[in-house]
Amino acid sequence: MGALVTRLRQASASPSLSVDLAAVADNTRRFVALARGEVMAVVKADGFGHGLGDVARTAVAAGATWIGVTSLAEAVAVRESGVDVPVLSWLNPVDVDVHQAVRYGIDLSVPSLEHLAAVERAGPVRVHLQLDTGMARDGAAPEEWLALMSAARRAELAGKVSVVGVMGHLPCADTLGANESGKRALLRGVEMARQAGLLPSVRHLAATSAALTDPGTHLDVVRIGAGLVGIDPSGSTRLRSALRFTAPVVQVRRVAAGTGVGYGHAHVTNRATTLALLPVGYADGLPRAASGAAEVWLAGRRRRVVGVISMDQVVVDVGDDAVAPGDEAVVFGPGERGEPTVADWARWAGTIPHEVVTGIGPRVRRLVG
């Protein structure tokens, strides 16, 4: 009876995502040692799916001296989690609540004259002039820089803003040797700011890839987001993965050769085999595009996911091995025992690890340690 009760308890367990904060700390210390300047821990998208407050506090304790986010709401959440180092938010609408930024001591990026005018109406606030250094995306276009610098200087003289930084972003940092034009552009913008009478003390351009591969882009601060949680977009080094995603087996069945599995019978068994059902699917962050290629770790080795990944469930072929309801499958982990990694899932889905870790759904129970 005792064994049966134990098995039933195991079977009732839910899919879980374990966050290893020791890995975040180790990765942060690695970047702190590597950087020529300071480290800004970027914790946007809920800390790349690892928990905004937990990652922010861990990174600061491990040596990061700045926190970066996209939205003001994220910045406020960082402050309310107890972090007191400088916090920068850089992707805000023109009508952002500047009063809230001032109240919480949050730096704001200024990517346009319209944003500067909005900030001026509610200042004084610390700002970083955000320049488009090759992305044709966020930041002021080069032909607008002079006007932006001049207007920022007037606002600073009026006591409306304090220009503390100039920032840009590299478009091809994963490609070795592709950063020089972006670096030259940012330094040109910094020189224009100084000619306008501004004295920005913080220049930042490099994110994880450039921080790892191109020391010349480090300047005063490097922005590390994916690298904190063990993702190296440059493929140049091995960082510690901070996630382990598990799910229980909820049903096991023996099927004959020729059995169609799942929607559209995208997979048909070619032999008698055992199928195990896991209660996770694309609503929980498993990319549907990985159907037909993905694997999980179950009963001591990798097992193929067969059929189409559904919204709530996947089917795993375990052959003739013994598997029972309640057994734990590792969807992905650090890979130290042979289990699939986030990078594996990204490859199977034809995407990047960032999309996998930020796409894990709210139904998955979070465990932080």
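The values are calculated or read from the model by the stated rules, or taken from the named source; none is laboratory data. What you see is a predicted model, and the numbers here were worked out from it, not measured in a lab. Glycine gets a Cβ as well: all are built from the backbone with ideal geometry, and neighbour counts include every protein chain shown. To get the accessible areas, we keep the full protein, side chains included, count just its heavy atoms, and leave off ligands, DNA and RNA. Shrake-Rupley method; radii C 1.70, N 1.55, O 1.52, S 1.80 Å.
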Considering only protein heavy atoms, with the full assembly of protein chains and a 1.4 angstrom probe, order HIS128, HIS267 by accessible area, largest first.
HIS267, HIS128
For the chain, what proportion of DSSP beta bridges, expressed in % and rounded to the nearest 5, is antiparallel?
45
Kirkwood Rh, Cα atoms: Rg over Rh of the chain:
1.08
Net charge near VAL356, counting Lys/Arg +1 and Asp/Glu -1 over other residues with Cβ under 15 Å of its Cβ?
-4
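Stretched out fully, how many nm does the piece from GLU144 to ARG240 gain, at 0.36 nm a residue minus the Cα gap? Spell out each step's value before the answer.
On the way: separation 96, 0.36 × 96 = 34.56 nm, distance 4.13 nm.
Result for the pair: 30.4 nm of gain on full extension.
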Roughly what angle does helix 52-61 make with the longest principal axis of the chain, taking Cα atoms, 0 to 90 degrees, to the nearest 10?
70
Would you list the P(r) distribution for region 1-127, with all Cα-Cα distances sorted into 5 Å bins from 0 and each bin expressed as a whole %?
2, 11, 18, 16, 14, 11, 8, 6, 4, 3, 3, 2, 1, 1, 0
With r as the distance between the Cβ atoms of ARG137 and HIS99 and R0 = 35 Å, compute the FRET efficiency 1/(1 + (r/R0)^6) and round to 0.05.
0.80
Listed by chain and number, the residues whose amide H is under 5 Å from that of VAL125, excluding neighbours fewer than 5 places away on the same chain and using placed H, are VAL161, SER162
Expressed in square angstrom to the nearest 10, the accessible area of THR237 with a 1.4 Å probe stands at 40
In Å, descending, principal axis extents of the Cα set of region 286-369:
35, 32, 25
With no solvent and one equal point scatterer placed on each C-alpha of region 31-81, evaluate the Debye formula and give log10 I(q)/I(0) for q = 0.16 Å⁻¹, two decimals.
-0.40
Percent of all Cα-Cα pairs per 5 Å bin for region 211-369, counting from 0 up to the last occupied bin, reads 2, 9, 17, 20, 18, 12, 8, 6, 4, 2, 2, 1, 0
With a point put 7 Å past each Cα toward its Cβ, work out how far ALA266 is from ARG188 in nm, to one decimal.
4.7
Per-residue [θ]222 nm for the chain (sum of -39500 (n - 2.57) over DSSP H runs n ≥ 4, rounded to 500)
-9000 deg cm²/dmol
At 4 °C and a viscosity of 1.567 mPa s, what translational diffusion coefficient does Stokes-Einstein give for region 83-136, taking Rh as the Kirkwood radius over Cα pairs? Give it in µm²/s as a whole number.
113
Of the residues ALA41, ALA101, ALA266, which exhibits the maximal mean-square fluctuation in a Gaussian network model of the chain defined by a 10 Å Cα contact cut-off?
ALA266
Size of electric dipole in the chain: Cβ of Lys, Arg +1 and of Asp, Glu -1, about Cα centre, debye, nearest 20:
580
Based on the Cβ-Cβ distance from GLU328 to ALA22, what FRET efficiency comes out when R0 is 25 Å, to the nearest 0.05?
0.70
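Suppose a student asked you for the relative contact order of region 1-155, using Cα pairs under 8 Å spaced at least 6 residues apart; what percent would you report? Mind dumping the intermediate values first?
Details: 210 pairs, mean separation 21.4, N = 155.
Answer for region 1-155 is 14 percent.
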